[in-house]
Every structure is written in structure tokens, then in C-alpha cells.
1. Can you tell me which of Tyr196, Tyr175, Tyr161 moves the most in a GNM of the chain? Springs connect C-alpha atoms under 10 Å apart.
2. Could you work out which residue, out of Gly195, Gly177, Gly30, moves most in a Gaussian network model of the chain, that is, has the largest mean-square fluctuation with Cα springs under 10 Å?
3. Let's test the formula: R0 of 41 Å, r as the Cβ-Cβ distance of Phe129 and Val79. What FRET efficiency results, to the nearest 0.05?
4. Gap in Å between the Cα centre of the range 155-172 and the Cα centre of the range 94-119?
5. Just the C-alpha atoms of the range 79-152: what Rg/Rh do they give, with Rh taken as the Kirkwood radius?
6. Excluding residues on the same chain fewer than 8 positions from Lys106, give the lysines whose Cα lies under 24 Å from its Cα.
7. Given charges of +1 on the Cβ of Lys and Arg and -1 on the Cβ of Asp and Glu, with all other atoms neutral, how large is the dipole of the range 64-210 about its Cα centre, in debye to the nearest 20?
8. Provide the gained length on full extension for the span Leu174 to Leu117, in nm with one decimal, where the gain is 0.36 nm per separating residue minus the Cα-Cα distance.
Amino acid sequence: MSLIFDWIFVQYQDTPSHLIVLEMIGVFFGFLSVWYSKHENILVFPTGIISTGIFVYILLVFGLLGDMLINAYYFSMSVFGWYVWTRKVDDSHFTPVTRTTLQEKKWSVALFVSTILFVCVVYWIFDKFNNWTAYVDTFTTAIFFVGMWLMAKKKLENWIYWIIGDIISVPLYLYKGLIFTSLQFFLFTIIAIYGYLAWKKSINNNLQTS
């Protein structure tokens, strides 16, 4: 067990203590946010805002521009999602979980492609295409942008994007040396799978009661 802890913390030997503490706090609130999302709890957004705000700063320090843009986008989409989730569709019902429409699928593709192009431009301007992780980061950024947009609109398919992006992010962040963040994405993958099943069940229940 001590060897495991030694291996984890040796990754942080050149990292300022305040960044380590902030990462752990960001991971904690990020975990809470995904957990609340699984249960369709409105607290997904305030906890997400705290987590993403912290990671915008951390990722800026580490120079991970794509990941930083993801979290800045999450921050703004959390505000939008907070509004959508609390909006009533009638006198007694809030916005329900639904499947993505054909039009929303087209918008998802457009958002995915435009995000990749935008992040590529950012990396090119700041001359950050100096490692293979930058290319993977561009891809995961696009995945998570679509996933967050669909989650804010309470669409079932958002979990598919989270699952794919989380699986890719586990080894990516491990390679980058952000061990706690890698662990966070591993837990996110598990929760996202259960989240998909829970939201799918919610849709079936809504169909039965309608």
C-alpha cells in the first residue's frame, strides 16, 4: 500500500501544494456533480460550477488549453442547465429526460466538428501541438462539449458521450501526471454507465405514466 502512495505522490513532487489541494477539492465536487446528475438532482449545477471553476485555474497553470476550455464551457453551460432543469413544462412538471431529436443530433455533429476546429486553432496559435496528448485533448474536448450541451438539455444520449470521453481521459490524465483527476474520470465512467441506465428508466417511467 505504501508503494502505491509513494508512486502517486512522487508524481506531484514538483507541483505546488496549493495546486494539489485545489485538484483534490475540484475532484470531490466534480464527483458530487456527476453523482447528482445521475439522480437528476439540481445540485449537479452548483457543485459543477465549483469544480469547473477550480479546474479552469489548474489547467491554465498546466498549460492544458483544451481541457481549460472544456471547464470554462462547463461553467457557462451549468448556468444554462440550471435554468433548463428548473423550467416547468406545465403547472406541475419540470423538464423531463428525453431522447435526442434528429435536429439535435445534427446540432451535436456541428458542435463536435466546430469544437475540434476551434481547439485546433487555439493550440496552433499558442504553439501547443508539441505532444500527442494535444491531439487527444482536442478530440476529448469535442466529445465533452457535446455531452455537456446534451446534459444541460436533459437528453439521455449525453451519457454516451461522457462514457466515451471518460474512458479516454483515464489513461490520458494518468500520463499527464494528474493522478487524482485520472481516478476521478475512472469513477466518472462507472457513474456515467449507471447514469445512462437510470435516465433510460426515467424515460420509460414517463412513457408509462403519460
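What follows is calculated from the coordinates using simple rules that are stated; it is not laboratory data. Since we're looking at a predicted model, the values are computed, not measured. With ideal geometry, Cβ positions are generated from the backbone for all residues, glycine too; neighbour counts draw on all protein chains shown.
1. Sorting by GNM fluctuation, first place goes to Tyr175.
2. Gly177
3. Numbers: r = 31 Å, r/R0 = 0.77.
Rounded to the nearest 0.05, the efficiency is 0.85.
4. Using only Cα atoms to place each centre, the spacing works out to 15 Å.
5. My calculation puts Rg/Rh at 1.14.
6. Partners found: Lys153, Lys154, Lys155, Lys200.
7. Details: 12 positive and 8 negative charges, 76 e Å.
It works out to roughly 360 debye.
8. Stretched fully, the Leu174-Leu117 segment lengthens by 18.0 nm.
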